[in-house]
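Novice: Before anything else, here's the structure in question.
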Amino acid sequence: MNQNTREQMNIVVVGHVDHGKSTVIGRLLADTDSLPKGKLDQVKATCERNARPFEYAFLLDALKDEQAQGITIDTARCFFKTKKRDYIIIDAPGHIEFLKNMVSGAARAEAALLVIDAHEGIQENSKRHGYLISMLGIPQLVVLVNKMDLVNYDKSVFDSVTSQYGSFLKNLGVTPISFIPISARNGENLAFRSEKMNWYSGGSVLEHIDGFTKRDEDHLKPFRMPVQDVYKFTAHNDDRRIFAGTIETGQISVGEKVIFLPSGKKSTITSIEGFNQKPKQTIGNGYATGFTLKDELYLKRGEVMCREDERLPYSGTRFKANIFWMGRNPMLLNKKYKLKITAARESVRLVEIVTNIDASDLSSINGKQQIDRHDVAECILETTKPIAFDTIDDIQSLGRFVIVDGYDIAGGGIITSVVETDTSIITDAIKQREINWDTGFVTEKDRSALFGHKSKFIIITGGVNADIVAKALESKLIKSKKAAYYIGPASLKDGLDSDISDDYIDREEIIRRIGELARIMTDAGLLFITALSIADEYDFDVLSKLTRPYEFLHVSLDNNIIKDNNHKRLLSGSHDLEVIIESIVEELQQKEVFTDFSI
Amino acid sequence: MDHLEKLESKSVYILREAYREFKNLCILWSIGKDSTVLLWLARKAFFGHVPIPLVHIDTQYKIPEMIDYRDNLAREWNLNMVYGQNKEALEQKLTFHDGKVDRLTCCKNLKTLALKHTLAGDWPRYRMNHTTGQYEIDTNKEPYTGVIAGVRADEEGSRSKERYFSPRDKENEWDVADQPPELWNQFKTNFAPGTHLRIHPLLDWTELNIWEYIERENIPTVSLYYNQGDGKRYRSLGCWPCTKPVESNSRTVKEIIVELRSGKFSNIAERSGREQDKEDGGGLETLRKDGYM
């Protein structure tokens, strides 16, 4: 048989602490002859040395820490194979303390075995794990009712667990493939069917594992490739500009038209790139690849490349999601977190908790206005800038995300629906600001009479010279006796912005503070000028909102455009500083900013 | 996609994620087959380029052929090649071969400490000058905050619990009991100042997968892995005083694959020829917690 075509599958084993997960795996490995030579003897010898009875679970607990405590701390992977295919078995810890490890293990799995102790019955984490299995989107589940030897292989005990847990799963919308009565310690119904439970007519665990199917419908779905990075490596005169990423779903070919979301930028595929591979005309889901495009697009990482002729993902800032929280600190309303979804990173806030669910019994806890560790909540999130996403039911990989609190992944979630809204955190905040603004007795007219001009916020972007143009404009205006003032982000860094970093997550705050400064400076009647090296249309949207009731003028040196909210005009395209300044002043004149014409 | 394509895609994704998120990134290249596959995957990820420096910890006890092979590839593939070593321990002969210390202490001196200080940048790093072909003291003394290593989960117990992105504290220590969650393809990429992350793109690969991929891609490997006629070959490469060749007639990659699939090694652990593992209770975790790869 050609081993390269052998199927591989990840299976996770979950369940409450001490219900026998590691024993199930250890026994499976031993009974299928999957252990490295000498491993069984080595572990047996260690047990003998430490005067403890041998247990199959020790085979997995390779770390000293775990042997001391007798519980699985972290997910361990082991490899085993049957005639049908190769498996990676993931042993997930059952102790609540290690829920994040359980989730990490389970998130990699294509199928799950959930172990319940027949003697002890359904426990808190039997349910919590069942919930997380459904939430993580693991499509196939088999429930193992373990330790049947402790209940004398009694059918009625098995039936009782089956009916109770079956109805719990039903509430989650999960239908397990089957329930199997086993004794992992004695190897009953693991690799071989048990003689001790003749009342059970179903297959062994091993038969069920081989019965799991590969569900791969991703190639039938619309094309999605989150842009992980854009490369231009210049060594050896390489002039390719490559949009790199992993294709989540669908197929695409050279020559096809693509659209990037949320920006909406469009282009056409010129080539499919790769190293040490035959040239390809078509490529599909699963491949980590790269493309060159017909147009030189400036794209941010995290944009999702889609095919123009297919159903597109949502682009928006608000969505409804189910979140499970693993952070030491609870998830709080309106606190800023980092959202990582596909290749995008965006700041996000929890704006509403719809229901807070206790995952161990699925009862909803009403009124709790935070998400505590190990809780699950249905809630509404809002990102600062639009992101591209699908709902979990449409395209799994575009509908799931993690939330980072500080340096750590603290929560995971799935998007259940999009929330259309005309309100946002920023517009609400501005509304409140304007209500509370304490205006003095001097009016806008008084100030323009004093200065001889109206106020304006002027933003220069692009090129390497944005700040030079901004400073030259300030000089020109001051020379003409206008009240102009320039400040750049660098001047704020260690002062006004000293409490924030230049991390992407804080960029939003940097922009907000410039916008608030603009509101103050324009209110003071000034021609307030700043230069930004990178800014996108969402930044301008925020700046424009923050500056209101005053207006701003945007000079883009990259695009040779000068524009405000209503109009845009092409600049001359000249790189001459004098010419650029002249055309900005001209624009200000046309907008009747100057009440006297002495410029 | 076959399983090698899947493994390749996942590893490429992880490498790109690392390159995107870490300013001071390096790849640890032991010259062995795993980290050479890793280097090859970097060429895959970055379309023929390797925009990340390669760091080799030179214990001076590496089999000489390994160093030749390293420098040849570095020149041929235009690699940003850096090595570091524990000069003091070597000068004072605090090595197992010199009989002054036991195997584990020797590993600690020549590998763990050398690695720690080379990564931190407080011991000299030697960088290949491609114009002269010689190594010179590297002017870059910035600590590496992202360290890519070719660790595989199937190698031994402790490695089976590794994350793809695994934090190390200021002392290079690995807190096995408190590892970050990894969900789907989202990893820990934010870290506190002073800490760093180890990145493991090969975690899901097995020894067999490595050889299958070497065959498929035709990746150059050190000849020590092959029987040169004396019925012996190295299955795992380390320092010569502590690594024994195994009895094997495999002369080619193909023959190694057959041997691993169905032959005499299909049930024997790869590192069985590494003496230091045995002294560490078979788990290696004492060494690994301190930063050993």
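The values are calculated or read from the model by the stated rules, or taken from the named source; none is laboratory data. Note that the structure is a prediction, hence the values are computed from the model and not measured. Positions of Cβ are generated from backbone atoms using ideal geometry, with glycine treated the same way; all protein chains shown enter the neighbour counts. With ligands, DNA and RNA removed, areas are computed over all heavy atoms of the protein, side chains included. Shrake-Rupley method; radii C 1.70, N 1.55, O 1.52, S 1.80 Å.
Novice: Once fully extended, how much extra length lies between A:Asn152 and A:Asp239, figured as 0.36 nm per residue of separation less the alpha-carbon to alpha-carbon distance? Kindly include the intermediate steps, with their values, before the conclusion.
Specialist: Numbers: separation 87, 0.36 × 87 = 31.32 nm, distance 7.25 nm.
Extra length available between A:Asn152 and A:Asp239 comes to 24.1 nm.
Novice: Another question, then. Semi-axes, largest first, in whole Å: what does sqrt of 5 times each Cα gyration tensor eigenvalue give for segment B:1-78? Kindly include the intermediate steps, with their values, before the conclusion.
Specialist: Details: eigenvalues 109, 45, 26 Å².
Sorted largest first and rounded, they come to 23, 15, 11 Å.
Novice: In a solvent-free Debye calculation with one equal scatterer on each Cα, what is log10 I(q)/I(0) for segment A:394-494 at q = 0.25 Å⁻¹, listed in the order of the q values?
Specialist: After summing over all Cα pairs, the log10 values are -1.23.
Novice: In peptide B:145-154, how many Cβ atoms from other protein chains are near each Cβ within 10 Å, on average? Kindly include the intermediate steps, with their values, before the conclusion.
Specialist: On the way: counts 0, 0, 0, 0, 0, 0, 0, 0, 5, 5.
Averaged over the peptide's residues, the number is 1.
Novice: Here is the link list: A:Lys335/A:Lys431; A:Lys83/A:Lys214; A:Lys266/A:Lys545. Which ones come out longer than 25 Å on Cα distance?
Specialist: Values: A:Lys335/A:Lys431 19 Å; A:Lys83/A:Lys214 16 Å; A:Lys266/A:Lys545 28 Å.
Pairs exceeding 25 Å: A:Lys266/A:Lys545.
Novice: For the charge dipole of the protein assembly as shown, defined by +1 on Lys and Arg C-beta atoms and -1 on Asp and Glu C-beta atoms about the Cα centroid, which residue among B:Trp205, B:Tyr225, A:Ala106 has the Cα displaced farthest towards the positive pole?
Specialist: Of the options given, the answer is B:Tyr225.
Novice: Would any residue of segment A:215-255 have its amide N under 20 Å from a label point 7 Å out along Cα→Cβ of A:Thr292? List them or say none.
Specialist: A:227-246, A:252-255
Novice: Would you calculate the volume per residue, in Å³, of the smallest convex hull containing every Cα atom of segment A:85-158?
Specialist: Considering the Cα atoms of segment A:85-158, their hull volume per residue is 109 Å³.
Novice: Separate question: If you take the beta carbon distance between A:Ser448 and A:Asp564 as r and set R0 to 22 Å, what does 1/(1 + (r/R0)^6) give as a FRET efficiency, to the nearest 0.05?
Specialist: Values: r = 18 Å, r/R0 = 0.80.
It comes to 0.80.
Novice: Largest first, how would A:His16, A:His567 line up by accessible area (1.4 Å probe)?
Specialist: On the way: A:His16 25, A:His567 115 Å².
Accessible-area ranking of A:His16, A:His567, largest first: A:His567, A:His16.
Novice: On a 27 Å Cα-Cα criterion, which of the cross-link pairs A:Lys21/B:Lys108; B:Lys62/B:Lys108; B:Lys6/B:Lys254 come out too long? Before the final figure, lay out each step's value.
Specialist: Numbers: A:Lys21/B:Lys108 36 Å; B:Lys62/B:Lys108 15 Å; B:Lys6/B:Lys254 21 Å.
Those over the limit are A:Lys21/B:Lys108.
Novice: So how far, in whole Å, is the C-alpha centre of segment A:263-280 from the one of segment A:316-333?
Specialist: The two parts, judged by their Cα centres, are 36 Å apart.
Novice: Here's a follow-up. State, in square angstrom and to the nearest 100, the accessible area buried between chains B and A, both chains counted, probe radius 1.4 Å.
Specialist: Working: alone 13570 and 29380 Å², together 36870 Å².
In total, this chain pair buries about 6100 Å².
Novice: Name the residue, out of B:Asn80, B:Asn140, B:Asn209, whose mean-square fluctuation peaks in a Gaussian network model built on chain B with Cα pairs under 10 Å.
Specialist: The residue with the greatest mean-square fluctuation here is B:Asn140.
Novice: Compute the orientation-averaged projected area for segment A:245-333 from the convex hull of its Cα atoms and round it to one decimal in nm². If you can, show how the numbers build up before the last one.
Specialist: On the way: hull surface 34.1 nm².
Mean orientational projected area (segment A:245-333, Cα hull): 8.5 nm².
Novice: For A:Asp499 paired with A:Ser475, estimate the spin-label separation in nm (one decimal), with each label point 7 Å from Cα along the Cα-to-Cβ line.
Specialist: 3.7 nm
Novice: In deg cm²/dmol and to the nearest 500, what is the mean residue ellipticity at 222 nm of chain B if only DSSP H runs of at least 4 residues count, each as -39500 (n - 2.57), divided by the residue total?
Specialist: On the way: 10 runs with 92 residues, N = 293.
Calculated from helices alone, the mean residue ellipticity at 222 nm is -9000 deg cm²/dmol.
Novice: Another question, then. Hey, got the average number of other protein chain Cβ atoms within 10 angstrom for residues in A:286-292?
Specialist: Details: counts 5, 6, 13, 4, 5, 0, 0.
Per residue, the average neighbour count from other chains is 5.
Novice: Right, next: Can you give the Rg to Rh ratio of the protein assembly as shown, both from alpha-carbon atoms, with Rh computed by the Kirkwood formula? Before the final figure, lay out each step's value.
Specialist: Working: Rg = 30.7 Å, Rh = 30.4 Å.
Ratio of gyration radius to Kirkwood radius: 1.01.
Novice: Dipole size in debye (nearest 20) for chain B around its Cα centre, Lys and Arg Cβ +1, Asp and Glu Cβ -1? If you can, show how the numbers build up before the last one.
Specialist: Numbers: 43 positive and 45 negative charges, 47 e Å.
Computed charge dipole of chain B: roughly 220 debye.
Novice: Roughly how many Å² of B:Val101 are accessible to a 1.4 Å probe, to the nearest 10?
Specialist: In the full protein context, B:Val101 sits at about 30 Å².
Novice: Which value, in nm² and rounded to one decimal, describes the direction-averaged projected area of the C-alpha convex hull of segment B:122-261?
Specialist: Working: hull surface 49.1 nm².
One quarter of the hull surface, i.e. the mean projection, equals 12.3 nm².
Novice: Evaluate peptide A:225-235: per residue, the Cβ atoms of other protein chains within 10 Å of its Cβ; return the mean as an integer.
Specialist: Taking the mean over all residues of the peptide, I get 3.
Novice: If R₀ is 30 angstrom, what is the calculated FRET efficiency for the pair A:Asn198 and A:Thr82, using the beta carbon separation as r and rounding to 0.05? Could you put the intermediate results ahead of the total?
Specialist: Working: r = 25 Å, r/R0 = 0.83.
Approximately 0.75, to the nearest 0.05.
Novice: Translational D (Stokes-Einstein, µm²/s) of chain B at 37 °C and 0.692 mPa s when Rh comes from the Kirkwood sum over C-alpha pairs?
Specialist: Values: Rh = 19.5 Å.
Roughly 168 µm²/s, to the nearest whole number.
Novice: Would you check the accessible area of A:Lys127, probe 1.4 Å, heavy atoms only, in square angstrom rounded to 10?
Specialist: Near enough 60 Å² of accessible area.
Novice: Further question on the same structure: Placing +1 on the Cβ of each Lys and Arg and -1 on the Cβ of each Asp and Glu in segment A:151-300, which of A:Thr234, A:Ile180, A:Gly203 has its Cα farthest towards the positive end of the resulting dipole?
Specialist: The residue sitting farthest along the positive end of the dipole is A:Thr234.
Novice: Can you tell me which aspartates and glutamates have their Cα less than 19 Å from the Cα of B:Lys232? Leave out same-chain residues fewer than eight positions away.
Specialist: Within reach: B:Glu65, B:Glu207, B:Glu247, B:Glu255, B:Glu259, B:Glu270, B:Glu275.
Novice: Let's see if you can work this out: charge +1 on each Lys and Arg Cβ, -1 on each Asp and Glu Cβ, no other charges. What is the dipole magnitude of the protein assembly as shown about its Cα centre, in debye to the nearest 20? Could you put the intermediate results ahead of the total?
Specialist: Details: 119 positive and 131 negative charges, 205 e Å.
Using Cβ point charges on Lys, Arg, Asp and Glu, the protein assembly as shown gives about 980 debye.
Novice: Convex hull volume of the Cα atoms in segment A:495-542, per residue, in Å³?
Specialist: Values: hull volume 4.2 nm³, N = 48.
Spelled out: Cα convex hull of segment A:495-542, divided by residues, is 88 Å³.
Novice: With the alpha-carbon atoms as the only input, what is the per residue convex hull volume for segment A:522-569 in Å³?
Specialist: 85 Å³
Novice: I want to verify a result. In a Gaussian network model of chain B, Cα cutoff 10 Å, which of these has the top mean-square fluctuation: B:Leu119, B:Leu39, B:Leu90?
Specialist: Maximum fluctuation in the GNM of chain B, among the listed residues, is at B:Leu90.
Novice: Using the Cβ atoms and a cut-off under 12 Å, what net charge is assigned to the surroundings of B:Gln228, where Lys and Arg are +1 and Asp and Glu are -1? Show your work: numbers first, answer last.
Specialist: Working: positive: B:Lys232, B:Arg233, B:Arg251; negative: B:Glu65, B:Asp230.
Surrounding charge for B:Gln228 is +1.
Novice: For segment A:478-599, divide the Cα radius of gyration by the Kirkwood radius and give the resulting Rg/Rh value with two decimals. Kindly include the intermediate steps, with their values, before the conclusion.
Specialist: Details: Rg = 15.0 Å, Rh = 15.6 Å.
Ratio value, two decimals: 0.96.
Novice: Set the Förster distance to 41 Å, then compute FRET efficiency between B:Asp102 and B:Arg20 from the Cβ-Cβ distance, nearest 0.05. Write down the numbers at each step before the final one.
Specialist: Numbers: r = 42 Å, r/R0 = 1.03.
Given R0 = 41 Å and the Cβ-Cβ separation, E is 0.45.
Novice: Taking a cut-off of 23 Å, what percent of all Cα-Cα pairs in segment A:81-214 are separated by more than that?
Specialist: 31 percent
Novice: Using the heavy atoms of the protein chains alone and a 1.4 angstrom probe, what is the accessible area of chain A per residue in square angstrom? Walk me through the numbers on the way to the answer.
Specialist: Details: 26340 Å² over 599 residues.
I get 44 Å² per residue for this part.
Novice: Express the relative contact order of segment A:433-530 as a whole percentage, based on alpha carbon pairs under 8 Å and six or more residues apart in sequence. Write out the running numbers ahead of the final one.
Specialist: Numbers: 88 pairs, mean separation 44.0, N = 98.
Over segment A:433-530, the number comes to 45 percent.
Novice: Let me ask something else. In nm, give the distance between the simple-model label positions of B:Glu76 and B:Gln60, each being 7 Å from the Cα along the Cα-to-Cβ direction.
Specialist: Between B:Glu76 and B:Gln60, the simple spin-label model gives 2.9 nm.
Novice: What distance in nm lies between label points placed 7 Å from Cα along the C-beta direction at A:Val354 and B:Arg216?
Specialist: 4.2 nm
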